[in-house]
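J.: Please see the structure below; I have some questions.
The values are calculated or read from the model by the stated rules, or taken from the named source; none is laboratory data. Since the model is a prediction, treat every value here as computed from it, not as a measurement. Here the Cβ positions follow ideal geometry from the backbone for every residue, glycine too, while neighbour counts run over all protein chains shown.
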Amino acid sequence: MAISLIVDNPKRDLDGILLIAYHLLRQGVVVYITPMYQQGYELPMLAPEVVLSNYARLNNRDLLVNYSKAGIKVAVLDTEGGLLSEHGQNSPGKWVERFQSNGFDSIIDKYFLWGERLLDAFRESDNHCSKQFVVTGCPRYDMCISPWSRMLDYSEEGYVLVNTNFPIVNPAYSKSSKQEFNASLEIGYKETYVQALHKSFDELFLKYIQTLYLLAQSNSNILFVIRPHPFEDAEYYRKKFKLIANVKIDPFGNVLNQIHNAACIVHLNCSTAIESNLLSKVPISLEFLNNSTFLEHSALPSKISCPAQSYQDLNILIRDEKIREVKHNFDKTKQYIYPWFYKVDGQAAQRLASSLLSLLNESSSLQPKPNWLATMQGSRTNFSLLRYLQGFLALTLGTKITGALRCLITPSRKSKSIRLKDIQARIKKFAEVQNEPISFQAHYAKNPISKMPLTTIKLVPD
């Protein structure tokens, strides 16, 4: 029996997913690590008993429906399921409303939640939902807690880390901000809300860049490491800051490594304020640039950050560690973090693995089997000639080859690729820091017909 874990963005999500895989391997479970873009073609070939999807939205609803019809038990851990707002379109109540109106309650077997606040919203809507929804926390935050935090490291030390958060106006994977606009509508946000949000992003993006440029010029003795959001185009920042010697643009790897070695973190409404607090690094929020639309969409980062109320204030905070320590209370921020992110105790992946194992062992009337037609259709319902062609090539050449060809056409997709050697090294490192040896085999899964390699990596316990 096997469980497939879907990976959206490796830079952000891979460590948490592999930590789940590590715990499952220790329980004797075969694990598939499946890239998001290839899941519709590969899961019908692999026919795992359980799939852990990275989200449940309208744009992947037919995928989840077809998995369920094929007898695959569907579980969801939303990659953006914790940083919600108190009110408005991004509030827990609205999440529940969209979840139910889109019919996901009849498709999903288990929905894993980051924190109690979202569970409370589901309970208010349906008192009988407790078995379907499980609060586990989010495994990527396990890396902030010992022993896993001992794995964090970075090539520099003592710099000011600047985290950006503007994928809507500077997208890496969409062709334009218009596509991002439509993607927001597909989530279920109202058009007026999306218009206001995009307008705010447009206005604040330019102000944020101007502030960073001036800040770096005024503090030439300080190294600034700019970390673009995983869904942003890093090239924009390279061009913008190419003449500033004390600025380094680094979009690579897990941001936790950069937070771990930083002196402090500068941001505007960025969720990395959470990781910063968990790693005892002061997050400085540029509140003098903030506005009500941004705050309504995501208020928590501001609440748990040291506020810079002016540019002068920002300069003082990045220069003086003692002032940062006086103004910021790490213990106080936890009362805001825990309701949304549960215990943050380093054991979210363990809780997820245990729940997935229980789901795997539940009896089922329909046993998943390889389905070549579903592969041809990419597990989608609507007809697409291009999708059928891609499905045919996946069956004959294997998705590893077709995926590489697709990356040539769309180079930005390459950053979402997963390498076998990275998977092996990371899981072995988990075992090392926990001082519990593990033995497993790792290889690219193969097409059952052509025996050609897929992009999914198969992990088999010895």
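J.: Does the stretch 32-45 include one or more residues that are part of a helix (DSSP H, G or I), surrounded by 24 or more Cβ atoms within 10 Å (Cβ to Cβ) and hydrophobic (A, V, I, L, M, F, W, C)?
T.: Yes, the stretch 32-45 contains a residue that is part of a helix (DSSP H, G or I), surrounded by 24 or more Cβ atoms within 10 Å (Cβ to Cβ) and hydrophobic (A, V, I, L, M, F, W, C).
J.: Within the stretch 268-291, can you find the residues that are within 22 Å of the chain's Cα centre (by Cα) and assigned to a strand (DSSP E or B)?
T.: PRO283, SER285 - these are the residues of the stretch 268-291 that are within 22 Å of the chain's Cα centre (by Cα) and assigned to a strand (DSSP E or B).
J.: What is the residue count in the stretch 432-446 for residues that are closer than 19 Å to ILE6 by Cβ and of a type in the set (S, T, N, Q)?
T.: So the count comes out to 0.
J.: Then there is this: Just one of the numbered conditions (1) surrounded by 16 or more Cβ atoms within 10 Å (Cβ to Cβ); (2) of a type in the set (Gly, Ala, Ser); (3) touching a Pro at 6+ places or on another chain (Cβ under 9 Å) is not true of ALA394; which one?
T.: (3)
J.: Is it true that some residue in the stretch 164-183 is modelled with pLDDT of 70 or more, of a type in the set (S, T, N, Q), under 20 Å from SER271 (Cα atoms) and in a helix (DSSP H, G or I)?
T.: no
J.: If you go through the stretch 400-409 one residue at a time, do you hit one that is modelled with pLDDT under 90, under 22 Å from ASN59 (Cα atoms) and among the charged types (D, E, K, R)?
T.: yes
J.: Taking the stretch 112-157, which residues are more than 30 Å from VAL225 (Cβ to Cβ) and among the aromatic types (Phe, Trp, Tyr)?
T.: PHE112, PHE122, PHE133
J.: For the stretch 275-288, what are the residues that are under 14 Å from ASN165 (Cβ atoms) and either touching a His at 6+ places or on another chain (Cβ under 7 Å) or among the polar types (S, T, N, Q) (or both)?
T.: Hits for the stretch 275-288 are SER276, PRO283, SER285.
J.: Would you check if there is a residue in the stretch 123-135 being within 26 Å of SER280 (Cβ to Cβ) and either of a type outside the set (Lys, Arg) or not assigned by TED's automatic domain parsing to the domain that holds GLU362 (or both)?
T.: Within the stretch 123-135, one or more residues are within 26 Å of SER280 (Cβ to Cβ) and either of a type outside the set (Lys, Arg) or not assigned by TED's automatic domain parsing to the domain that holds GLU362 (or both).
J.: Continuing with this model, one more query. Please find, within the stretch 212-239, the residue that is farthest from SER415 (Cα to Cα) out of those that are small (Gly, Ala, Ser) and either surrounded by fewer than 18 Cβ atoms within 10 Å (Cβ to Cβ) or over 27 Å from the mean Cα position of the chain (by Cα) (or both). Break it down stepwise before answering.
T.: Applying the first criterion (small (Gly, Ala, Ser)) to the stretch 212-239 yields 216, 218, 220, 234.
Filter once more, keeping what is either surrounded by fewer than 18 Cβ atoms within 10 Å (Cβ to Cβ) or over 27 Å from the mean Cα position of the chain (by Cα) (or both): 216, 218, 220.
Numbers: ALA216: 28, SER218: 33, SER220: 32 Å.
Taking the candidates together, the pick is SER218.
J.: Follow-up. Just to verify a result, which residue in the stretch 418-460, among those that are hydroxyl-bearing (Ser, Thr, Tyr) and under 26 Å from ALA404 (Cβ atoms), is surrounded by the most Cβ atoms within 10 Å (Cβ to Cβ)?
T.: Per the stated criteria, the residue is THR456.
J.: Output the residues belonging to the stretch 242-271 that are surrounded by fewer than 21 Cβ atoms within 10 Å (Cβ to Cβ), in contact with a strand residue (DSSP E or B) (Cβ under 7 Å, 6 or more places away or on another chain) and over 25 Å from ARG150 (Cα atoms).
T.: Selection gives ASN246 alone.
J.: Are there any pairs with C-beta distances below 7 angstrom linking a residue in the stretch 222-246 that is free of Cβ contacts under 8 Å to residues at least 24 places away in the same chain to a residue that is of a type in the set (Val, Ile, Thr), with the two at least 6 apart or on different chains, and if so which?
T.: Short answer, once both residue conditions are applied: ARG238/ILE249.
J.: Any residue at all in the stretch 421-435 that's over 26 Å from the mean Cα position of the chain (by Cα) and either over 23 Å from PRO370 (Cβ atoms) or in contact (Cβ under 8 Å) with a residue 40 or more places away in the chain (or both)? Before you say what the answer is, go through the steps one by one.
T.: Initial filter on the stretch 421-435 (over 26 Å from the mean Cα position of the chain (by Cα)): 435.
Add one more test, that the residue is either over 23 Å from PRO370 (Cβ atoms) or in contact (Cβ under 8 Å) with a residue 40 or more places away in the chain (or both), and what stays is 435.
Within the stretch 421-435, one or more residues are over 26 Å from the mean Cα position of the chain (by Cα) and either over 23 Å from PRO370 (Cβ atoms) or in contact (Cβ under 8 Å) with a residue 40 or more places away in the chain (or both).
J.: Count, please, the residues in the stretch 289-310 that happen to be over 20 Å from PHE166 (Cα atoms) and either exposed (fewer than 15 other Cβ atoms within 10 Å of the Cβ) or basic (Lys, Arg) (or both).
T.: 2
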